[in-house]
Amino acid sequence: MAASDARVSQDDVFAGHIPRTRSYRRLIAGLFFAGVATFAQLYSLQAVLPQVAGDLEVAASTAALTVSAATLGIAVAVIPWSLVADRIGRIPAMAIGIIAATSFGLAAPLSTEITVLLVLRLGEGLALGAVPAVALAYLSEEVHARHVAAAAGSYTAGTTVGGLTGRLVAGPLSEAFDWRIGVWSVTVLCTVAAVLFLWLVPRARRFVPGRMRADAGPGKLARLIRALRSPRLLALYAQGFLLMGAFVAVYNYLGFHLIAPPFMLPVWLVTLLFLAYLAGTLSSPWAGSLAVRYGRRWVLLAAIGLFIAGAALMYVPSPIVILIGLVVFTGGFFGAHAIASSWAPVLADPTSRAQAPSLYYFAYYAGSSLFGWALGIVFGQAGWGWFLGAVIFMGLVAAVIATVALRPNRWPDRP
């Protein structure tokens with residue numbers, strides 16, 4: 001009993017993990033592998049969309065629904081997962097989600113028709129929603145407040161590595177063998193990453209699941225309403241909706257653009273363009289560090305500026321210039337995402353800290369699902385130029401919202 005009391009007392013004064021400690025490194029590494037396990041299988045289909053379209057005899061925008069179905073599943077599931085995590089704990093919720101998603105991921109490549117594939121991808125997304133719904137809430141609770149932005153940047157960097165890995169593994173293997181082999185191989189890789197996540201991530205020390213508390217705090221609906229009442233939080237949700245929608249659309253349709261005249265690039269070479277994701281791996285932690293020095297709002301606006309500039313460069317009909325534009329565009333997107341996503345739990349009321357990032361990710365993946373498909377219609381009907389115009393317009397709208405709604409003391413009664 002005395003030992004238990006001592007442990008409780010120690011946890012009560014625990015201020016959060018700090019850099020250069022073993023527990024901090026394990027936390028960042030654990031969430032890094034959670035990001036790999038989630039985003040590698042989420043976006044592996046994106047690298048093989050032309051092959052899926054040809055094999056299943058569907059249009060480009062229909063093939064892109066295999067990505068949109070999964071992101072729609074995440075959008076639908078993030079809020080329920082946040083409530084589950086409040087009840088059973090952050091780490092158990094993420095573990096259940098990743099394990100379930102892996103099962104769907106192993107079955108998806110066996111599909112022989114588009115309808116079955118879309119259903120399995122939807123199920124995969126519903127399960128994967130556990131990680132984005134919970135990871136940032138867990139991080140904001142367990143990392144010292146001064147280092148949350150930088151830690152969130154490191155976590156976001158892990159998500160970029162996951163997205164890049166899924167594409168780079170699935171793409172070449174699909175050309176050498178079959179798109180099913182490529183996607184299945186990514187899921188096996190994600191299984192390994194999930195095991196590493198469960199082994200590395202430290203137990204929660206600053207959160208008690210609702211099932212273990214005498215007073216669980218406000219009800220589910222009240223926590224959601226609190227996370228929807230802040231104008232500044234709504235502005236952050238808009239960033240995810242607009243920027244992610246445009247970002248996924250570019251990566252969905254750039255391959256179709258480059259394998260067609262006048263470029264006629266081989267699929268394996270187009271797959272290598274996904275190396276531009278490394279720009280996000282670098283920009284995410286960098287943006288988090290800059291936010292500590294200059295403030296989140298200015299870094300967010302600068303990142304959106306890079307996002308827009310990169311999209312504009314992709315107007316130039318040169319593969320080299322398009323690649324440069326893609327690198328700038330990607331770095332800007334992930335810098336903005338790292339800031340907006342980590343800002344949500346900071347602005348939220350403590351009782352709705354899991355719901356605020358969940359609502360951000362709901363908007364984020366709703367934008368991915370909607371615009372990842374809808375901008376494909378623009379691409380197919382109006383061409384690459386109008387497509388990029390829509391992407392740039394969405395970036396400009398996000399910048400205006402951030403400029404107006406995220407000004408310091410704009411709503412002084414809110415965090």
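The values are calculated or read from the model by the stated rules, or taken from the named source; none is laboratory data. All of these numbers come straight from a predicted model, not from anything done at the bench. Because the Cβ atoms are built from the backbone with ideal geometry, glycine has one as well, and the counts that use them run over all protein chains shown. For accessibility, only protein heavy atoms count, side chains too; no ligands or nucleic acids. Shrake-Rupley method; radii C 1.70, N 1.55, O 1.52, S 1.80 Å.
General remarks:
- Looking across the range 219-248, just one residue is surrounded by 15 or more Cβ atoms within 10 Å (Cβ to Cβ) and outside any helix (DSSP H, G or I), and that is 230.
- Boolean, residue 282 is surrounded by fewer than 24 Cβ atoms within 10 Å (Cβ to Cβ), of a type outside the set (Val, Ile, Thr), assigned to a helix (DSSP H, G or I) and touching a residue at least 12 places away in the same chain (Cβ under 8 Å): yes
- Filtered residues of the range 18-35 (kept if touching a residue at least 24 places away in the same chain (Cβ under 8 Å) and of a type in the set (S, T, N, Q)): 23
- Within the range 291-302, the set of residues being open to solvent by 50 Å² or more (accessible area, probe 1.4 Å) and at pLDDT 90 or above comprises 298, 302.
- Near pairs, Cβ below 9 angstrom, 6+ apart or cross-chain, from the range 262-278 (touching a residue at least 60 places away in the same chain (Cβ under 8 Å) and farther than 11 Å from residue 167 by Cα) to any residue that is outside any helix (DSSP H, G or I) and open to solvent by 50 Å² or more (accessible area, probe 1.4 Å): none
- Filtered residues of the range 303-323 (kept if open to solvent by 60 Å² or more (accessible area, probe 1.4 Å) and either over 27 Å from residue 262 (Cβ atoms) or among the small types (Gly, Ala, Ser) (or both)): 306
- Scanning the range 129-149 for any residue that is out of contact with any strand residue (DSSP E or B) (no Cβ under 7 Å at 6 or more places or on another chain) and more than 30 Å from residue 293 (Cβ to Cβ) turns up at least one such residue.
- Residue ID - farthest from residue 159 (Cα to Cα), chosen from residues in the range 36-62 that are among the small types (Gly, Ala, Ser) and in contact (Cβ under 8 Å) with a residue 24 or more places away in the chain: 59
- Taking the criterion of being open to solvent by less than 40 Å² (accessible area, probe 1.4 Å) and over 19 Å from the mean Cα position of the chain (by Cα), the residues of the range 184-200 that qualify are 185, 200.
- Taking the range 11-93 as the region of interest, the helices (runs of 4 or more DSSP H) fully inside it that hold 3 or more residues being open to solvent by less than 20 Å² (accessible area, probe 1.4 Å) and within 19 Å of residue 197 (Cα to Cα) are 22-43.
- The number of residues in the range 327-380 that are of a type in the set (Val, Ile, Thr), at pLDDT 80 or above and open to solvent by 10 Å² or more (accessible area, probe 1.4 Å) comes to 4.
- Set 124, 141: member being open to solvent by less than 10 Å² (accessible area, probe 1.4 Å) and either out of contact with any Gly (no Cβ under 9 Å at 6 or more places or on another chain) or not hydrophobic (A, V, I, L, M, F, W, C) (or both): 124
- Filter result for residue 251 (closer than 21 Å to residue 172 by Cα, crowded, with 19+ Cβ neighbours inside 10 Å, in contact (Cβ under 8 Å) with a residue 12 or more places away in the chain and within 20 Å of the chain's Cα centre (by Cα)): yes
- Residue in the range 88-101 that is within 21 Å of residue 114 (Cα to Cα) and in contact (Cβ under 8 Å) with a residue 60 or more places away in the chain present: yes
- Of the residues making up the range 149-162, those that are farther than 8 Å from residue 285 by Cα, hydrophobic (A, V, I, L, M, F, W, C) and at pLDDT 75 or above number 1.
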